[in-house]
Amino acid sequence: MRMTKALIAALILVLGVGIAIGTSVRAADAPKPEAQDWSFTGLFGTFDRAALQRGFQVYKEVCSGCHGLKHVAYRNLSALGYTEDQIKAIAATVEVQDGPNDNGEMFMRKGRPSDRFKEPFPNENAARAANNGAYPPDLSVIAKARPHGIDYLYALLTKYKEEPPQGVQMSEGMFYNEAFGGGQIAMVPPLQPESVQYQDGTKATVPQMAKDVTTFLAWAAEPELEERKSLGRSVLLFLLVLTALLYALKRKIWSELH
Amino acid sequence: MTAPSEPTPAASTDAKPGMIEQAKNWIDYRMPIFTFMEHELHEYPTPRNLNYWWNFGSLAGIVLVIMIATGIVLAMSYTPHVDHAFNSVERIMRDVNYGWLIRYVHMNGASMFFLVVYIHIFRGLYFGSYKPPRELLWWLGIVILLLMMMTAFMGYVLPWGQMSFWGATVITNLFSAIPWVGDAIVSWLWGGFAVDNPTLQRFFSLHYLLPFVIVGVVVLHLWALHTHGSNNPLGIDRKSEKDSIPFHPYYTIKDLYGLGVFLIFYMAIVFFAPNALGEPENYIPANPLQTPAEIVPEWYLLPYYAILRSVPDIAIPFTGIVLIEAKLAGVIAMFASIFILFVLPWLDFSPVRSARFRPIYKQLFWIFLVVCVLLGWVGANKPEGVPLLVGQVCTAYYFAHFLILVPLVAKYEKTRPLPESISQPVLKGDGESGE
């Protein structure tokens, strides 16, 4: 009985702390995005391989013009279900600078699976110059770098509005987006119906592409997710059994006292 | 500790001791480490009535070991340089074998460490563990808390995310509030004129050093503990043999069971919500040119942050003469909120330790706990409107609790009669509500 009460009290304390954190919504931040259904959340979540490949296609054909993915290597794409040859082919579509060679000169060569994703701009200044002064962030960990990351990304990609609400004065070259804090975003609406031609025949609607590319970015941010959850289930199961045994042993040892 | 006599062949009984036994005796005669272990871990008399709140001390020790072990491994792949720190952490997450696991255990271990230590401290507050003869034990505990806060703060800077950089900027800037020498001290801390590479490198060095200092103070903490033994839920001294049980096996198994429960909670977070306790902002690389919308510390430092930001200018009423500016006053209040714990054993001079027998103090304890949680909530919000008001009221109450209420209650409270002994509580079943 005492133990239960103790645990309940501990839980209350933890909850108190949790509420303290949970309510720390920043005023200047984006509105809380609507929660979507994702295959990779929860205790048994896994990535949908087809969605990952479609999402990669969206990233490659739409996002990668402006946004880098510098922490991900081409070889990592094997997790999406691509074969070694396919990955070699994907990597070979880019030209990267290497060197110096034996003559001390830098040279260009085709990308290799061991290379990290090629960045779209040589530096931040070039990126800003090409984007009306705005800096498109690297997307490697973007799904972890925003509150409610995945739901936020989906909302951001689907909540552009052609016309801002009445009374909102738009700045030059900005677009209205309900999901973005302050409403005005420099990113051109990236997704239009049929922006990409899906190879598996899925109809490329804006919500479909948003969902796919968000899934891909969730994987890019947490490539360990499936292994983490699978190991986590074993660890928790082990700990539950161990703790139950320790409890039984504790009862037995202490019974000599009472 | 007295050294045992050299075991001679004549002294041994007819059965000749085995090889291992002989080796043990040989070592023990020269350095009585086995006698010491037997004395401090096995025989060590412990009150028989310790409840589960007494598990959190050993849990804190175990988390400290986990933090040091994972930290040493992380340091093997981490690069303390402004151009590489963020990337090297991502390397650990992606390319180091089980690097993600080691980092998530370390990262969430900091939160677990504070959670466990805060419960440990509030247990001490409830059952009066700071009272004679355990004042030094209490002091050493506060020193550990201060060292933990420094270590955690510097560790948070290492990934060199936005919150790392701006947190470091805000906290180091606090020292500029010190009159005359403030700015010089801040430059000295930074190793330059802003938080930059020298700052990151010294923080890494100190973040590696301080945990071992904590280990040293923990040894002193245990030494002080073992001198008079644990306090207990009744708060009365052990009087007879019947009041005590040997630490092993009774509390070793109880601590192990508690460890199991704790690890389930800890590992559930590590594997299924590893970033729930952290700021998403810290996955954005540090950018000295862009201030985040709001700079907040990790949850375990929020109450102090709330106190820091709650204190207004201290002025002489109606004259407009400012005696202490808000910034300096806030810094003083923040440090005072911890240093006041050092004098608690004298502020609370009631001879009764346990709140079970102190009806008024028990109420005060729970109010104080709620105030601390509220301060945490305030710290997570902008200091304006309702949070600011709540913060100011709670900050005032925090100090009033220690400086006014606790001494008054110690003087005037009518305490309940104490039981005769631990083994025969006269008031069976009383005082249960506090658990």
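The values are calculated or read from the model by the stated rules, or taken from the named source; none is laboratory data. What you see is a predicted model, and the numbers here were worked out from it, not measured in a lab. We place every Cβ from the backbone using ideal geometry, glycine too, and count neighbours over all the protein chains shown.
Kindly list the number of the only condition in (1) within 28 Å of residue A:56 (Cβ to Cβ); (2) assigned to a loop (DSSP other than H, G, I, E, B); (3) of a type outside the set (Val, Ile, Thr) that fails for residue A:164. Of the numbered conditions (1) within 28 Å of residue A:56 (Cβ to Cβ); (2) assigned to a loop (DSSP other than H, G, I, E, B); (3) of a type outside the set (Val, Ile, Thr), the odd one out for residue A:164 is (1).
State whether the residues of the stretch B:343-352 include one that is closer than 24 Å to residue B:145 by Cβ, within 14 Å of chain A (Cβ to nearest Cβ) and buried (at least 17 other Cβ atoms within 10 Å of the Cβ). No - not one qualifying residue is present in the stretch B:343-352.
Let's see how each residue does on (1) surrounded by fewer than 17 Cβ atoms within 10 Å (Cβ to Cβ); (2) not aliphatic (A, V, I, L, M):
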position: B:368; (1), (2): no, yes
position: B:376; (1), (2): no, yes
position: B:387; (1), (2): no, yes
position: B:397; (1), (2): no, yes
position: B:404; (1), (2): yes, no
position: B:412; (1), (2): yes, yes
position: B:418; (1), (2): no, no
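Residues of the stretch A:61-81 that are in contact (Cβ under 8 Å) with a residue 60 or more places away in the chain, small (Gly, Ala, Ser) and in a loop (DSSP other than H, G, I, E, B): A:68 alone.
Yes or no: residue B:302 at pLDDT below 95, within 27 Å of residue B:139 (Cα to Cα), part of a helix (DSSP H, G or I) and of a type outside the set (Lys, Arg)?
For residue B:302, the condition - at pLDDT below 95, within 27 Å of residue B:139 (Cα to Cα), part of a helix (DSSP H, G or I) and of a type outside the set (Lys, Arg) - is not met.
I'd like to check something: does the stretch A:212-221 contain any residue that is polar (S, T, N, Q), touching a residue at least 12 places away in the same chain (Cβ under 8 Å), surrounded by 17 or more Cβ atoms within 10 Å (Cβ to Cβ) and within 26 Å of residue A:49 (Cβ to Cβ)? Within the stretch A:212-221 (the criterion being polar (S, T, N, Q), touching a residue at least 12 places away in the same chain (Cβ under 8 Å), surrounded by 17 or more Cβ atoms within 10 Å (Cβ to Cβ) and within 26 Å of residue A:49 (Cβ to Cβ)), the answer is yes, since at least one residue qualifies. Taking the listed residues B:279, B:294, the one that is buried (at least 23 other Cβ atoms within 10 Å of the Cβ), touching a residue at least 24 places away in the same chain (Cβ under 8 Å) and over 19 Å from the mean Cα position of the chain (by Cα) is B:279, with no other qualifying.
Filtering B:256, B:263, B:206 for residues that are under 21 Å from the mean Cα position of the chain (by Cα) and more than 14 Å from chain A (Cβ to nearest Cβ) leaves a single hit, B:206. For residue B:137, indicate whether it is at pLDDT 95 or above, among the aliphatic types (A, V, I, L, M) and surrounded by fewer than 17 Cβ atoms within 10 Å (Cβ to Cβ). Taking the combined requirement at face value, the residue does not satisfy it. Within the stretch A:126-148, being at positive phi and either among the polar types (S, T, N, Q) or not in a loop (DSSP other than H, G, I, E, B) (or both) holds for one residue alone: A:132.
Of all the residues in the stretch A:223-243, those that are more than 8 Å from every other protein chain (Cβ to nearest Cβ) and either buried (at least 20 other Cβ atoms within 10 Å of the Cβ) or of a type in the set (Gly, Ala, Ser) (or both) number 2. Only a single item in (1) in contact (Cβ under 8 Å) with a residue 12 or more places away in the chain; (2) of a type in the set (Ser, Thr, Tyr); (3) away from chain A (no Cβ under 14 Å) is not met by residue B:187, and it is number (1).
Scanning the stretch B:72-104 for residues that are away from chain A (no Cβ under 13 Å), crowded, with 20+ Cβ neighbours inside 10 Å, in contact (Cβ under 8 Å) with a residue 40 or more places away in the chain and part of a helix (DSSP H, G or I) turns up just one, B:85. Considering only residues that are surrounded by 14 or more Cβ atoms within 10 Å (Cβ to Cβ) and within 14 Å of chain B (Cβ to nearest Cβ), which ones fall in the stretch A:168-210? Those that are surrounded by 14 or more Cβ atoms within 10 Å (Cβ to Cβ) and within 14 Å of chain B (Cβ to nearest Cβ): A:180, A:181.
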